[in-house]
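The values are calculated or read from the model by the stated rules, or taken from the named source; none is laboratory data. This one's a predicted model, so the numbers in the text were calculated from it and none came from an experiment. Here the Cβ positions follow ideal geometry from the backbone for every residue, glycine too, while neighbour counts run over all protein chains shown. These accessible areas exclude ligands, DNA and RNA; they are computed on the full protein's heavy atoms, side chains included. Shrake-Rupley method; radii C 1.70, N 1.55, O 1.52, S 1.80 Å.
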Amino acid sequence: MVKSTSSRPADTATERVYQGIYQAIVEHRLAPGARLREEELSESFGVSRTVVRQALQRLAADHVIELAHNRGAQVPQPDLSHATQVFEARCLVEGEVARRLAGRLSDEQVRALTQLVEAEGQAHARGDAAAAIRLSGQFHRTLAGLAGNPVFARWLDEMLPTTSLLIALYQRSDQPGCVTHRHQELVAALVQGTPAQAASEMRRHLKELEKSLMGGAPRVAPLRDVFAAYREAPPPDPELPR
C-alpha cells in the first residue's frame, strides 16, 4: 500500500519522490545501507535536487531513512537485535488491532481482505516478490486502518520499512516474508474467533515472521532502474535545469 502521512496533494513532486523511496525500501528494491545521493535521485525521478532534499528530510523525520550532515542519506541497516524491539511493538499494536476487529468486520470488509490475500498468493505463485511484499503490507495496513485509530496506522507505517529491511538482511531466500496461508487463517480468526483468539493469531503470525530471520543477502539494483516507474507521472519540475 502506498503510504500517505501528509496532508499535501499526493501528486506533488515531493510526495512522488517520498512514496517512491518508501515503497522501494518496503519492496526490497533498495538494499539496506544503500546511499541515496541527491544527484542520482534527481536524475532518476526527473525533479530538482531541492525536491529530492525535501523528500529525504520527510523520510528521515518519519524514521524511514537515515540522514546525517556529513554522510548524506542512506537506507538504514538495522541490527538483528533490533528485530526483537520491532516485532514486540508490532505484536502490541497489531494484536490490539485484531482484538478490536474480531467479529466486527462487515461482509464488504471481509471480501476486501480476502481479495488482498488472494492477490498476494497469486503474486507469490508468479514469482513477483515486490508485489507480494506490497500486498502483504497493504493487508496489515488495511487492518490497522479499520481499527478506527489513525495512530495505529501511523505507527505501523513507521515499522513496515524496518521490518522489510530486517527481512532483506536476515531472512533466508527460501523463506517468504508473510506467508499467505497465515493471512487466510488470520481473516478466519477475525471472522469466527473471539477477540482474544484473533489477537493471539496475529501475534503468532508476527512471531513466526520474526523467527524466520535466519540470514540472507539483499539484492541491489541501480537507482535509475529502481525508480523508473516514477519518472513518468507529473510534468517536469520547473526548477530542473533544461
Quiz item: If you place +1 on the Cβ of every Lys and Arg, -1 on the Cβ of every Asp and Glu, and leave all else neutral, what size is the dipole of segment 72-118 about its Cα centre, to the nearest 20 Debye?
Solution: 140
Quiz item: Ignoring ligands, DNA and RNA, what percent of the 1.4 Å accessible area of segment 40-159 is carbon and sulfur?
Solution: 47
Exercise. Please give the residues of segment 9-40, grouped as numeric ranges, whose backbone N is less than 13 Å from a label point set 7 Å along the Cα-to-Cβ vector of Gln77.
Key: 31-35
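Could you state the accessible area per residue of segment 141-209 in Å², with a 1.4 Å probe and every protein chain left in place? Don't skip to the answer; put the middle values down first.
Values: 2940 Å² over 69 residues.
Here the per-residue accessible area is 43 Å².
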Quiz item: Can you list the residues of segment 24-52 with backbone N under 19 Å from a point 7 Å past the Cα of Ala60, pointing along Cα to Cβ?
Solution: 25, 32-43, 48-52
Quiz item: Roughly what would the spin-label model give for Gln85 and Asn149, points 7 Å off Cα along C-beta, in nm?
Solution: 2.1
Quiz item: What is the magnitude of the charge dipole of segment 1-151 about its Cα centre, with +1 placed on the Cβ of each Lys and Arg, -1 on the Cβ of each Asp and Glu, and no other charges, expressed in debye to the nearest 20?
Solution: 200
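Find the relative contact order for segment 106-208 and round it to a whole percent, using C-alpha pairs within less than 8 Å whose residues are 6+ positions apart.
Details: 55 pairs, mean separation 26.6, N = 103.
Relative contact order here is 26 percent.
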Quiz item: With the other protein chains left in place, how much accessible area per residue, in square angstrom, belongs to segment 91-134 at a 1.4 angstrom probe?
Solution: 54
Exercise. Given the peptides 36-45, 64-73, 22-31, 126-135, arrange them by the average over their residues of other C-beta atoms within 10 Å, most packed first.
Key: 22-31, 36-45, 126-135, 64-73
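On a full-extension model of 0.36 nm per residue, what is the gain between Thr50 and Glu208, subtracting their alpha-carbon distance, rounded to one decimal in nm?
Details: separation 158, 0.36 × 158 = 56.88 nm, distance 4.21 nm.
The Thr50-Glu208 span can extend by a further 52.7 nm.
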